[in-house]
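Below: the structure, in structure tokens.
All of the numbers you see were taken from the coordinates with simple rules; none came from a lab. Please read these numbers as outputs of a predicted model, since none were measured by experiment. Methodologically, a virtual Cβ is constructed for each residue, glycine included, from the backbone with ideal geometry; neighbour enumeration extends over all protein chains shown.
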Amino acid sequence: MKHVIISGCTRGIGAACVKKFLDAGYRVTGMGRSAKSDFESVNFNYVSGDLSSSADRQKLVESAIKKFGQIDILVNVAGVAPLERRDLLEMTEESYDRVMDINTKGTLFLTQAVAREMINNPEEKGIRGYICNISSLSAYTSSTSRGEYCISKAGVSMVTKLFADRLAEYGIPVNEVRPGIINTDMTSKVKEKYDNLIGGGLLPISRWGEPEDIADAVFALTTGALPYVTGQSLDVDGGFHMRRL
Ligand SMILES: NC(=O)c1ccc[n+]([C@@H]2O[C@H](COP(=O)([O-])OP(=O)(O)OC[C@H]3O[C@@H](n4cnc5c(N)ncnc54)[C@H](OP(=O)(O)O)[C@@H]3O)[C@@H](O)[C@H]2O)c1
């Protein structure tokens, strides 16, 4: 049985990823800040912790290996929006540090910690493991009321490229899914705004994305269907990324 680590597993996109992998017969170690997770399965191991904490990232990796052994897949989902949307001219250093510490630094150093283990995995058809990051359309789209989030996700896109480059020689493809507008707690505060934009024709596929849309893409990129793809970003966004006239 293959073993996958999923950060940010308690809600939204991360929870959909956990379900997808458990249903397909994988073992999952998941992390969130909540004390408990709703998943109950002999194949699921939950670690409560904060991705921005070095000690908690170490605890996650140690618990994963102790419980289920070799880590075959890493899915970096955990991420936060700013606590308060503020214009770029009013953005605070506290908010910048919080968002960058979780979204970018946390993702970078969890990837580093897991990669150090993965490179020692035995090779199977040239592959030692898969890594997939969840960035965002915000990696390339300006939203001046949450600049720190955009910067953090642009950073995640470079984390994808750097590790794709560094780990290719070990047989570890590293790719990224860029969600569009997905129906989760993160977007619930701005639901009306996005309802109106989608109703007004923002997206070629004119509906909200669901967490399962993202989990399906993550699964395809990390389970052997696409072993010659690395450093790639897959827009799962109903076509938002296209320029249209
Ligand atoms: N929803 C969208 O439209 C959208 C679009 C583009 C990209 N994304 C990205 O997709 C990812 C998931 O978003 P979502 O919409 O599913 O968000 P969500 O519903 O708010 O869930 C976020 C998840 O991340 C966990 N988390 C947050 N901060 C953490 C931390 N410091 N340490 C460990 N876990 C932490 C949360 O766990 P706890 O609840 O236990 O704290 C929760 O499981 C994020 O990286 C987000 O930026 C989302």
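Summary table
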item: Rounded to the nearest 20 debye, dipole of the range 3-236 from Cβ charges on Lys, Arg, Asp, Glu; result: 240 debye
item: Semi-axis lengths (Å, descending) of the ellipsoid that matches the C-alpha gyration tensor of the range 1-63; result: 18, 12, 9
item: Relative contact order %, the chain, counting alpha carbon pairs below 8 Å whose residues are six or more apart; result: 20 percent
item: Computed FRET value (nearest 0.05) for R116 with A35, which takes r as the C-beta separation and R₀ as 41 Å; result: 0.90
item: Proxy reagent accessibility, fewest Cβ within 10 Å first, across K105, K153; result: K105, K153
item: Loop GluC sites (Glu not before Pro), the range 46-146 (other Cβ atoms within 10 Å of the site Cβ: 12 or fewer; DSSP); result: E84, E123
item: Distance (nanometres) between label positions extended 7 Å along Cα→Cβ at E124 and K67; result: 2.0 nm
item: Base-10 log of normalised Debye intensity for the chain (one unit scatterer per alpha-carbon) at q = 0.08, 0.11, 0.13, 0.15 Å⁻¹; result: -0.28, -0.54, -0.76, -1.02
item: Projected area, mean over directions - the range 81-216, Cα convex hull, nm²; result: 9.5 nm²
item: Fewest-first ranking of H241, H3, using other Cβ atoms within 10 Å as the exposure measure; result: H241, H3
item: Partners for K19 among lysines (Cα-Cα distance below 19 Å; same-chain residues under 8 apart left out); result: K2, K36, K67
item: Burial order of peptide ranges 199-208, 164-173, 127-136, 28-37 (average beta-carbon count within 10 Å, highest first); result: 127-136, 28-37, 164-173, 199-208
item: Charge dipole of the chain about the Cα centre (unit charges at C-beta), most positive-ward option of T144, I214, M118; result: M118
item: Nonlocal Lys pairs with alpha-carbon distance under 28 Å, the range 99-216 (8 or more apart, or different chains); result: 8
item: Relative contact order, percent, the range 91-189 [alpha-carbon distance under 8 Å, six or more residues apart]; result: 33 percent
item: Cβ-based exposure ranking for R244, R57, R178, in which fewest neighbours within 10 Å come first; result: R244, R57, R178
item: Gaussian network model of the chain, springs between alpha carbon atoms under 10 Å - residue of G69, G14, G231 with greatest fluctuation; result: G69
